[in-house]
Amino acid sequence: MNWRTPRTGGLALLAAVIALLPLALVNNYWYEVAILIGINAIVCVGLNLLIGYAGQISLGHAGFFGLGAYGSAILSVRYGWPPAAALAATTAGVALLALVVGRPILKLKGHYLAMATLGMGIIISIVIVTEDRLTGGPDGMSVPAFTLPGLTLAGERVWYWITGAALLAAVWIALNLIDSPAGRALRALHGSEVGAQVSGIDATRAKVGVFVISAVFASFAGSMTAHYSGFITPGKVSFFHSIELVTMVVFGGMASTFGAVIGAAMLTLLPQLLTILKEYEMVVFGGVMIATMIFFPRGLLPSLMLALGRKRK
Amino acid sequence: MNAPQLEVTALSKAFGGIHAVDQLSFEIEAGKVHSIIGPNGAGKTTLLNLLTGVYAPSSGSVRLEGSDVTGLEPHELAARGMARTFQNLQIFFNMSALENVMVGRHLRERSGWFTAMLRFPRLTAGERESREEAAELMRFVGVGEYIDADADAMPYGALKRLEIARALGSKPKMLLLDEPAAGLNPTETHDIDTLITRLARSGVTVVLVEHNMRLVMGVSDHIVVLDYGRKLCEGSADHVRSDPRVIEAYLGSEGLAAC
Amino acid sequence: MLAQLLQFLLAGLTVGAIYALVALGFAIIHNASHVINFAQGEFVMIGGMATVSLANSGLPLPLAIPIAVLAAAAVGVVLEKFAVEPARGASVVTLIIITIGASILLRGLATLVWDKKLHALPPFSGDQPIELAGATILPQSLWVLGVTLGIVLLLGWFFGRTLTGKAMLATAHNPLAAQLCGVNVRFVLMLSFGLSAALGAIAGILIAPITLTSWDVGVMLGLKGFAAAILGGLGSGTGAVVGGILLGIAESLGAGYISSAYKDAMAFVIILAVLFFMPSGLFGSKSAERV
Ligand SMILES: Nc1ncnc2c1ncn2[C@@H]1O[C@H](COP(=O)(O)OP(=O)(O)OP(=O)(O)O)[C@@H](O)[C@H]1O
Ligand SMILES: [Mg+2]
């Protein structure tokens, strides 16, 4: 087994970090932060497939996250579905929606695509805020714990391990995809769309496919959040959250699965650390964003790897 | 005489006021080397773009092996056996050289999403085969030394041949090359010459767009001369070489004697 | 019936003019640098908030307004110089993140310099509504429409007739060629950010007496402006103006006749619908990509 490939070495490292991290999590608050990192990382790993590898921007993925969260919540609260069934139905529903809207949207390019995905996300968010009989509106709604027959999943410790396992699975799936014919097709589209097309790649199909996958990752993470935290508000569906997710991906490093995880970790931690700055928080956060992108335009992990590679030579 | 492999009828493409390809008709016979020549801006690249579905024609039709393929998407035409290279390289610079060629095999691979994401065992076997065949193709076109390289670390001449290897990955029936020798030195050009001859001998139809007359005159079974998007004349190398209109429009007075 | 329709149209036209000004800012910056400046909305906020605070400190409006516009333009130039220029050549997404970072930073600064409260600016010439065929219009709306019209004409003259304006268009078309012809491309970039910021600020000042202003008004206005610019076709000045007006009117009609809760969604539904059929917007160039 070659431990230097991402699929073995990288996954093993990530598993080790997840296994050992609880030693450093001194109280429930830090467990919560760790879970939040894991959930964001799952979304970012999916989003990175779309943005980093296939080169298609989305400024609306919080919409899919929100649909996952509210779908699970509404089906289990308002219609009394068992959470597992609600999760399955919601995920399938979001996949279908992404498939339907993805076709026309992904024909667009560049800033037009950015606008369309942004618009889609905002529309979802406005619907969730406005349909308050179903969603509780701006006040949000509470969600029951996730139960399986004879088993209730509750508490930070339990959810830490669930999130950790889900993240490992998400990373494994992403790494598999990237290193496969379908994944090469995505990267080829990023490299040269005509080059890919004349090689027999159906560009629309490939783009829509990865759009659906990234939407499913986001939706699943949304459903997890709903059941884990027991309460959801429209904040997680907002334009700002979409931007936050893209920033995590770009920050960690586009076209790098582990970069996406690192980006999610950094940008989830940063605001926690910056709270001590009180009213200066936004200014510093914005400044850090600008500076990082100027000095590491390719993102943290790829820039770091590049520097290490140079040193070795 | 057997039916032509490709039949182009009154094909036209206009960009605003420019008739880049204008009422063009010609036929391409299977297994031969066909060249398309003409001065800069004559519409050669536009023609290849039309034939491979990169542009949709303004009017006219294209029939491939008897069926109408006008307006099909590039990937659909690729599935019917068309492959090409580009005048302005369309390499995937975000990938390794080997992966570039593996993409060329896309149509012959298991490209299902679930197979990929869950990495079913049958994928692994296919991947190994894909790697080996891609490496073989790279050696075939003469860029074997770059098998482990990243595409963005390769020199221009090697990239041009990498594109040919990628195009061959699909085992095409027809290969369209847009100025494969442009920017290459005489040795490299000679290699391209040999490569084209070998491909034609193995049964692949070659459509060659090229400015290098020595190369064109040497390998072509049939030549179409374009000028301002129209067909000026066509025929064998000897026939084209001696056509006064060609000499006039394209090669200038000192032209063909040199070939 | 008709009076009500007219009322909605007038309201839509007013907001649409504001969107048009913001959209023009997007178009000018995009033309000069191919950057989508997600901080564009913050100039709107800075214009409004700066005018309010200057006016509160006793400055008469005719003095406060130009100072606020100049301040916003200066912020625009600084943004170009210290955030966008150092990242030249970075990918589209990276540049988007940078301008979003700038937007967060500017909003943070606004809460520090000013506060998180809502502020009102007094109307320029009273708030006595004017009767118009059964509908009414605020004098401030006339200001919005008049100033916007003036600016559109002025920009038309600037880009069509002056050397600097033509240099900016040349840079948009082909930066290298423009540079070779002696155009100072870096100056053009700074100018475009300054000009866009000034346009945004003017929009923010004009609308502040009608809708109030605060540290976070820039977000939605910026997004609507972006939507308007895309609707019209990125880079087209006419497109930006038409896009803005169309969005404003559609929103107003939608809110009036369909549902006011979905007013903000209207703009985005329209833009999606248009893009599905016209992937380069209404006036965008549809040139085939060359290969
Ligand atoms: N996408 C396009 N948009 C507008 N005009 C185009 C486009 N592609 C080609 N043209 C125009 O069509 C004409 C033919 O161009 P084309 O590239 O086909 O010529 P060519 O024969 O390949 O020339 P060369 O030998 O220089 O490669 C030229 O006038 C060119 O400017
Ligand atoms: Mg050409």
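Nothing in this text is a laboratory measurement; each read-out follows from the coordinates by a stated rule. A quick note: this is a predicted structure, and the numbers were derived from the prediction, not measured. Reconstructed Cβ throughout: ideal geometry from the backbone, glycine too, with neighbour counts over all protein chains shown.
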Exercise. Reachable lysines from A:Lys109, Cα under 21 Å, same-chain residues fewer than 8 places away excluded?
Worked result: A:Lys207, C:Lys224, C:Lys286
Exercise. Simple spin-label model, 7 Å along Cα-to-Cβ: C:Leu61 to B:Glu73 in nm?
Worked result: 5.7 nm
Exercise. Rounded if a/c is under 1.5, else prolate if a/b is larger than b/c, else oblate: which is the protein assembly as shown, with a ≥ b ≥ c the root eigenvalues of its Cα gyration tensor?
Worked result: oblate
Seminar exercise, completed: Quick calc, C:Leu153 & C:Gln4: beta-carbon distance into FRET formula, R0 30 Å, rounding 0.05, result 0.45
Exercise. Which net charge results when you count Lys and Arg as +1 and Asp and Glu as -1 among the other residues whose beta-carbon is under 12 Å from that of B:Arg119?
Worked result: +1
For this session: For B:Lys160, list the lysines whose Cα falls under 24 Å from its own Cα; do not include residues on the same chain fewer than 8 positions away.
Result: B:Lys32, B:Lys44, B:Lys171, B:Lys173
For this session: Could you tally the net charge around B:Gly38, taking each other residue with its Cβ under 10 Å from the Cβ of B:Gly38, Lys/Arg +1 and Asp/Glu -1?
Result: +2
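So if I take the alpha carbon set of the range A:6-312, get Rg, then get Rh from the Kirkwood formula, what is the Rg over Rh ratio? Present the calculation step by step, with values, prior to reporting the outcome.
Working: Rg = 19.0 Å, Rh = 19.8 Å.
In the range A:6-312, Rg relative to Rh is 0.96.
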For this session: Provide a whole-number value for the mean count of partner chain Cβ atoms within 10 Å of the Cβ atoms in peptide A:119-132.
Result: 4
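Suppose a student asked you for the relative contact order of chain B, using Cα pairs under 8 Å spaced at least 6 residues apart; what percent would you report? Walk me through the numbers on the way to the answer.
On the way: 481 pairs, mean separation 67.9, N = 259.
After rounding, I find 26 percent.
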For this session: State, to one decimal in nm, how far the label point of A:Arg157 lies from the label point of A:Val33, with both points 7 Å from Cα in the Cβ direction.
Result: 2.1 nm
Seminar exercise, completed: A student asked for the Cα radius of gyration and Dmax of chain B in angstrom ought to give 18.9, 65
Seminar exercise, completed: Site A:Leu274, offset 7 angstrom along Cα→Cβ, radius 17 Å on amide nitrogen, limited to the range C:90-104, gives C:96-104
For this session: Per residue of A:204-211, count partner chain C-beta atoms within 10 Å of its C-beta, then hand back the mean as an integer.
Result: 1
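Let me check against my output: what whole-number percent is the relative contact order of chain C, with C-alpha pairs under 8 Å and at least 6 apart? Can you show the working numbers first?
On the way: 481 pairs, mean separation 107.0, N = 291.
Relative contact order of chain C: 37 percent.
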For this session: Would you list the P(r) distribution for the range B:92-171, with all Cα-Cα distances sorted into 5 Å bins from 0 and each bin expressed as a whole %?
Result: 3, 17, 28, 22, 15, 9, 5, 1
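Is chain C best put as rounded, prolate or oblate by its Cα gyration tensor, with a ≥ b ≥ c the root eigenvalues, rounded for a/c under 1.5, and otherwise prolate when a/b is larger than b/c, oblate when not? Walk me through the numbers before you get to the answer.
Working: a/c = 1.67, a/b = 1.25, b/c = 1.33.
In terms of gyration-tensor shape, oblate.
Could you size up the charge dipole of chain B around its Cα centre, putting +1 on the beta carbon of Lys and Arg and -1 on that of Asp and Glu, and report it in debye to the nearest 20? Kindly include the intermediate steps, with their values, before the conclusion.
On the way: 26 positive and 33 negative charges, 112 e Å.
For this selection, approximately 540 debye.
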For this session: May I ask for the net charge around C:Gly12, where only other residues with Cβ less than 12 Å from the Cβ of C:Gly12 are counted and Lys, Arg are +1 while Asp, Glu are -1?
Result: 0
Exercise. What percent does the relative contact order of the range C:105-184 come to when contacts are Cα pairs within less than 8 Å and at least six residues apart?
Worked result: 13 percent
Exercise. Counting only DSSP beta bridges with both residues in the protein assembly as shown, what percent are antiparallel, rounded to the nearest 5?
Worked result: 65 percent
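Can you compute the FRET efficiency between C:Arg186 and A:Ala85 using 1/(1 + (r/R0)^6), with r the Cβ-Cβ distance and R0 = 51 Å? Round to the nearest 0.05. All intermediate terms of the calculation are to be shown ahead of the outcome.
Details: r = 60 Å, r/R0 = 1.18.
According to the calculation, E is roughly 0.25.
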Problem set entry | Antiparallel bridges, percent of DSSP beta bridges restricted to the range B:115-254 (to nearest 5) | 50 percent
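Take the Cβ-Cβ distance between A:Ala19 and A:Thr147 as r, set R0 to 35 Å, and report the resulting FRET efficiency rounded to the nearest 0.05.
Numbers: r = 26 Å, r/R0 = 0.75.
Efficiency computed from Cβ-Cβ geometry: 0.85.
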Problem set entry | Distance between the range C:243-289 and the range C:7-73 - C-alpha centres, whole angstrom | 21 Å
For this session: Pull up all non-local amide H partners of C:Leu282: gap of 5 or more, or a different chain, and H-to-H distance under 5 Å with H placed in the peptide plane.
Result: C:Gly232, C:Gly233
Exercise. Other chains near B:85-96: what is the mean number of their Cβ atoms within 10 Å of each residue's Cβ?
Worked result: 5
For this session: Among the chymotrypsin sites (Phe, Trp or Tyr not before Pro) in the range C:128-181, which ones are in a DSSP loop with at most 10 other Cβ atoms within 10 Å of the Cβ? Mind listing them?
Result: none
Exercise. Can you give the % of DSSP beta bridges in chain B that are antiparallel, to the nearest 5?
Worked result: 55 percent
